[in-house]
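Structure, as structure tokens:
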Amino acid sequence: MTAEPVQPAAPPLPGRPVIRQHWGDVAFLHWRVDPAEVAPLLPPGTRPDTFDGSSWVGLIPFRLSRSAFLGGPPVPVLGTFPEINVRLYSVDDEGRRGVVFRTLEASRLIPVLTARVLFGLPYRWSRMSQGRRDDEFAYRSRGLGRPGARTHVVVRPTGERVTGDPLAEFLTARWAYHQRHLGRTWYARNVHEPWPLERAELVHLDDTLLEASGVPGLAGRAPDSVLFSSGVDTVFSAPRPMGQRSRFVPGSSTRSQR
């Protein structure tokens, strides 16, 4: 099936919002990969999504805050923490684009356990820090009990705004994730305002997290794309098993991918 078009603005959220969050000071580091390299890492019913013939691997550090559930107020303390994820890009048999998380490193144990049990997301407890010095943003993570899963990223935003860039939209305008859980592949949607993006420079990268996530050989070369965003507020609806038709699951022409 033909993939749905890439859209910088999110389509309406299907169903009731169940989770609200703010994602702030987000760095997007991306590497080109052969789709065949990552295809075995994707859940059944999905395949690598591609741009210009390549699939992509993202290393995405940011600060998560203001977490709220089922319309309640933001959760104090436990709802704010640094996070770093490694993600791949997927399209399912219905043509719906999404991401597949290989890991989501986070510094709060209770949210880690909750996300793993309820949604099957591969959250892992890590010792983390995130901060800013002058015009540079730094992120560190070291997996607790996993010495081979660490990363230290420093980026410097350039101030050059990014608009109308097809690759940047492909990498950041992702309105769903696919996840294997309880023997099935699940699909969950989210919405937020369009990303305020700017170009960024990679100042420093010392990483074994990519290799620990099943995508070796990337940290030794420069990323093919480095972007930065001040952040967005985002909302998720409940995940649903793929193939289940209901008002909670959204169902074409395709934007030309170079």
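For the range 150-174, how many residues are part of a strand (DSSP E or B) and aliphatic (A, V, I, L, M)?
Summing the residues that are part of a strand (DSSP E or B) and aliphatic (A, V, I, L, M) in the range 150-174 gives 4.
Quick check on the range 117-127. Is at least one of its residues under 23 Å from Pro157 (Cβ atoms), buried (at least 20 other Cβ atoms within 10 Å of the Cβ) and aromatic (Phe, Trp, Tyr)?
Within the range 117-127 (the criterion being under 23 Å from Pro157 (Cβ atoms), buried (at least 20 other Cβ atoms within 10 Å of the Cβ) and aromatic (Phe, Trp, Tyr)), the answer is no, since none of the residues qualifies.
Of the conditions (1) assigned to a helix (DSSP H, G or I); (2) within 16 Å of the chain's Cα centre (by Cα), Arg189 satisfies every one except a single condition; which number is it?
Going through (1) assigned to a helix (DSSP H, G or I); (2) within 16 Å of the chain's Cα centre (by Cα) one by one, Arg189 breaks only (1).
Quick check on Ile19: is it hydrophobic (A, V, I, L, M, F, W, C), in contact with a Leu (Cβ under 9 Å, 6 or more places away or on another chain) and within 27 Å of Thr208 (Cα to Cα)?
So Ile19 does not fit the description; no.
Within the range 197-235, how many residues are part of a strand (DSSP E or B) and within 16 Å of Asp34 (Cβ to Cβ)? Show your work before the answer.
Residues of the range 197-235 that are part of a strand (DSSP E or B), as a first pass: 197-207, 225-235.
Filter once more, keeping what is within 16 Å of Asp34 (Cβ to Cβ): none.
Number of matching residues: 0.
Give the residues of the range 104-140 that are closer than 23 Å to Tyr177 by Cα, of a type outside the set (A, V, I, L, M) and in a strand (DSSP E or B), sorted by residue number.
The answer is Glu105, Tyr123, Arg124, Trp125, Ser126.
Scan the range 45-61 for residues that are buried (at least 21 other Cβ atoms within 10 Å of the Cβ) and not hydroxyl-bearing (Ser, Thr, Tyr) and jot them down.
The answer is Pro48, Asp49, Trp56, Val57, Gly58, Leu59, Ile60, Pro61.
Please count how many residues of the range 185-217 are under 27 Å from Asp92 (Cα atoms) and surrounded by fewer than 17 Cβ atoms within 10 Å (Cβ to Cβ).
6
Of the residues Val57, Val100, only one is more than 21 Å from Val162 (Cβ to Cβ), in contact with a strand residue (DSSP E or B) (Cβ under 6 Å, 6 or more places away or on another chain) and modelled with pLDDT of 90 or more; which?
So the residue among Val57, Val100 that is more than 21 Å from Val162 (Cβ to Cβ), in contact with a strand residue (DSSP E or B) (Cβ under 6 Å, 6 or more places away or on another chain) and modelled with pLDDT of 90 or more is Val100.
Test each condition in (1) farther than 30 Å from Arg47 by Cβ; (2) at pLDDT below 95; (3) not charged (D, E, K, R) for Pro157 and report the one that comes out false.
The one condition Pro157 does not meet is (2).
Could we say that Pro40 is closer than 30 Å to Val6 by Cβ and crowded, with 16+ Cβ neighbours inside 10 Å here?
no
Residues are listed down the side, and each one gets a yes or a no for (1) over 21 Å from Glu198 (Cβ atoms); (2) β-branched (Val, Ile, Thr):
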site: Pro35; (1), (2): yes, no
site: Thr50; (1), (2): yes, yes
site: Ser55; (1), (2): yes, no
site: Gly58; (1), (2): no, no
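Could you please tell me which pairs satisfy a Cβ distance under 6 Å, a separation of 6+ or placement on different chains, a first residue in the range 127-151 that is under 18 Å from Arg108 (Cβ atoms), and a second residue that is of a type in the set (Phe, Trp, Tyr)?
Close Cβ pairs satisfying both conditions: Gln130/Tyr139; Leu144/Trp125.
The values are calculated or read from the model by the stated rules, or taken from the named source; none is laboratory data. Everything numeric in this text was worked out from a predicted model, so none of it was measured. Quick reminder, even Gly has a Cβ in these numbers, built from the backbone with ideal geometry, and neighbours come from all protein chains shown.
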